[in-house]
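Structure first, then comments.
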Amino acid sequence: AECGGVVRVYDVRCPGRAMITNKVLESGADVNVISWNRLVGNLLASGGDDGSFSVWDLRTFQTPDGSSPKPLARFHSHRTPITSLEWHPTDESMIAVSDDHGTYVYDLSIEEDGPGASAPAGEGAVEGEIPPQLLFVHSGSQLTKEVRWHPQIPSCVATTSLSGFNVFIPSNL
């Protein structure tokens with residue numbers, strides 16, 4: 001992840017040369033964080049300064065014509081920069097996301113019903129609108145910087161922030 005909305009994937013066997021490169025934020029905002037899904041090796045999540053986060057399929061990340069790839073899901077519901085992302089250790093569709101105001105748990109397997117349901121998850125959403133994939137919000141922390149799932153207690157989440165450490169189990173997971 002780098003300045004200008006670009007994500008590069010490197011192969012350690014070929015130092016100094018990116019194997020896959022693409023601009024993921026057309027706004028030019030910086031990409032702050034990325035997280036590889038450990039259960040589905042071709043899924044990568046990215047979060048940016050513009051408050052959006054996206055999920056990418058690396059099999060379609062490099063387009064033949066050099067145009068920007070289309071994300072599997074893009075969410076614009078955050079108003080401050082995304083500071084951390086982490087996929088759930090045992091559920092391939094759940095991801096924890098943090099920004100300056102809190103921590104959020106999304107289940108990307110939830111699909112929206114009704115008009116406009118054919119669009120990718122979160123793609124047609126209005127900024128600040130609550131997406132149906134949002135399962136849980138933990139507020140009250142100041143400037144949350146990291147979010148991590150507990151490796152042995154799958155529903156337990158830990159965060160670090162200016163106001164201290166928080167460890168919690170969302171009630172609806």
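Computed values, structure above
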| read-out | value |
| --- | --- |
| Tally, over the range 9-36, of residues that are at pLDDT below 70 and assigned to a strand (DSSP E or B) | 5 |
| Exclusive hit being open to solvent by less than 20 Å² (accessible area, probe 1.4 Å), at pLDDT 95 or above and either of a type outside the set (S, T, N, Q) or farther than 18 Å from I110 by Cα (or both), set L44, L39, L85 | L85 |
| First in the range 34-61 and among the acidic types (D, E), second anywhere and in a strand (DSSP E or B), Cβ under 9 Å, 6 or more apart | D49/V31; D49/N32; D49/I82; D50/I82; D57/L43; D57/L44 |
| Unmet requirement for E129, which otherwise passes all of (1) closer than 18 Å to I95 by Cβ; (2) in contact (Cβ under 8 Å) with a residue 40 or more places away in the chain; (3) open to solvent by 50 Å² or more (accessible area, probe 1.4 Å) | (1) |
| Hits in the range 164-173 - residues which are surrounded by 14 or more Cβ atoms within 10 Å (Cβ to Cβ) and part of a loop (DSSP other than H, G, I, E, B) | P170, L173 |
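A quick yes/no check of all residues on (1) over 19 Å from V33 (Cα atoms); (2) more than 18 Å from the chain's Cα centre (by Cα):
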| residue | (1), (2) |
| --- | --- |
| Q133 | yes, no |
| G140 | yes, yes |
| V157 | no, no |
| N166 | yes, yes |
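The values are calculated or read from the model by the stated rules, or taken from the named source; none is laboratory data. All values derive from a computational prediction rather than experimental measurement. Glycine also receives a Cβ, built like all others from the backbone with ideal geometry; neighbour counts cover every protein chain displayed. Note: accessible area is taken over every heavy atom of the protein model, side chains too, but ligands, DNA and RNA are not part of it. Shrake-Rupley method; radii C 1.70, N 1.55, O 1.52, S 1.80 Å.
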